[in-house]
Structures are given as structure tokens and as C-alpha cells.
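Please read the structure below before turning to the comments.
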Amino acid sequence: MQILELWRFPIKGIGGSQVGTATLPTDGYFPYDRCFAISTGGQKIASARTGAWFPKAHFLQLMSHKALAEYNCRYLTDGAKPMLELFHHGKRCISINPDSHDDRRQFEDFIFSNFGNHLRGQPRLMQMKDQAYCDQSTAFISIASRASLDTFADATGTAPSNRRFRINIIIDADNAFAEADMIGQTFHCGKALIVIKKSVGRCAAINVDPETALRSNKDYVQLMREKFGHSNLGVFAKVIKGGEVKVGDELRQI
């Protein structure tokens, strides 16, 4: 199987961007994936130490803030200073250095001006340096096949898009949901070594169209159960030996 796309989603709940290469760390997350999150303005996070982990209910998330689907972001770390860029319908609307207190406040003010009616107070841009704002207690990366994305799109009458599912690694496969058959198996992933651990169960966030930010009046989770007998798309994998992976590399079973 070939690796077709690599994705990272720097801010939890917001669309990300494709990258050509990444170095997967042993026992770690996809680099810079979900390393930022935006609080809903609650006092608990307002006074929390930098880098503290909180459950997703404390942050802006697609399931409860569907307008997030209109945005995507990019995190650049190869320059003299890191840059976090936010795009609205593909047009860059703000670019900051997250290491700068003034820049972070500028970003938080931008979020408040656009989402203030749905917040409890002033939002806070949170960052984790070595972990991620993921819902899993174990550090995983995510993998899915393009066939699975296409099959979901055909069943729901939607456009195939990884922005709906936010998978890190897209592979080719002969059959939809073939990645579920890989659970328990070990693979070379470029120069890294991974073991497939479990399926990714889906929630109501997939009902939001990633292009229009409109929520479907259909329950796609239930539709998946009816058509496929499950509501999973993609699998979680653990990196057991770190290494570089790039688009075009093979995902090869040991």
C-alpha cells in the first residue's frame, strides 16, 4: 500500500493542511498535530498553567461549533520563528508567532470577535510542546484509505474529503475499510515502524460539511451503522520505532 497524503491539524477542532514529509517520533503523535487548542473562555483554563491538558468540552470543537469548518490552519516551524496561520475559506486571515504573548492575544481577540456569542468568556490559545490535545490517553497517529473516504461519500451523497475525518495518513487500498483488517499487525511506514491498534469510532462531528460549515439533517453515524454495520472510519496506530515518512512511501506489513 502506498502513502497518498500526509495531514496535520495543528489546532484542535480546526481543519489542517497537507505536508510532504514528517518525522514520526517513537511513542509519539504525528508532529505538531493538535498541539494547540482554543478554550471556550471558562475560568478553569484561564488560570491553568501553560501546557495543561483538558477534556475537549473545554475547547472549541466542531461538534458544538460548526462554524469552525470554515477555517483551516497551518503551523510553520522551518523559519527563524514558528508561525501559526489561520485561513478562512482558503484566505489567510491571521498569522502569529505563538511564542509571542502579544501575538497570542491578537489571535485570541480574533477568535473572540468571530465566536464571542458562543463563548463563556475570553478564549485562550493553549499549547502543548510534547503532547497533544487528543481524546486518546495513548499517543497514536491515524490512518485511513482513500477507498474508505470515497465509499462514505458515495453512501452519503457528499464530496470525499479528509477534512471531515481529519486523518493523518491516507493510503491506497483495494477495498473500503480494509484498514480495519490491519489491526494487530505491524508495518513499515516509510522509515518508521508502527503497529495498528484499533478502529477510529466516529461521532456527530462528521455531520458538518467541511466546505459549507452546514450541519446535515441526516445522522451520518447512524447511516454508517445501517449501511456498513459499524460507524468506524480509519484506525489508530502506535509508532514503535520513529523515522521519516513521506508521500509516496510504502506502508508494508512485516
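The values are calculated or read from the model by the stated rules, or taken from the named source; none is laboratory data. These figures come from a predicted structure and were not determined experimentally. Cβ coordinates were reconstructed from backbone atoms using ideal geometry, including for glycine residues, and neighbour counts include every protein chain displayed.
Taking the options 155, 139, name whichever one is in the same structural domain as residue 219 (by TED's automatic domain parsing), within 30 Å of residue 183 (Cα to Cα) and surrounded by fewer than 16 Cβ atoms within 10 Å (Cβ to Cβ). Sole residue among the options that is in the same structural domain as residue 219 (by TED's automatic domain parsing), within 30 Å of residue 183 (Cα to Cα) and surrounded by fewer than 16 Cβ atoms within 10 Å (Cβ to Cβ): 155.
Could you list, in sequence order, the residues of the range 41-71 that are loosely packed, with under 15 Cβ neighbours inside 10 Å, assigned to a helix (DSSP H, G or I) and out of contact with any His (no Cβ under 9 Å at 6 or more places or on another chain)? Listed by number, the residues that qualify are 43, 46, 57. Where residues in the range 19-67 are free of Cβ contacts under 8 Å to residues at least 40 places away in the same chain and closer than 29 Å to residue 192 by Cα, which of them is farthest from the chain's Cα centre (by Cα)? Looking at the filtered set, the residue picked out is 19. In the range 100-133, what residues are under 21 Å from residue 25 (Cβ atoms) and loosely packed, with under 12 Cβ neighbours inside 10 Å? Listed by number, the residues that qualify are 129, 130. If I filter the range 72-93 for residues that are among the aromatic types (Phe, Trp, Tyr), surrounded by fewer than 19 Cβ atoms within 10 Å (Cβ to Cβ) and at pLDDT 90 or above, do I get at least one hit? Yes: the range 72-93 contains one or more residues that are among the aromatic types (Phe, Trp, Tyr), surrounded by fewer than 19 Cβ atoms within 10 Å (Cβ to Cβ) and at pLDDT 90 or above.
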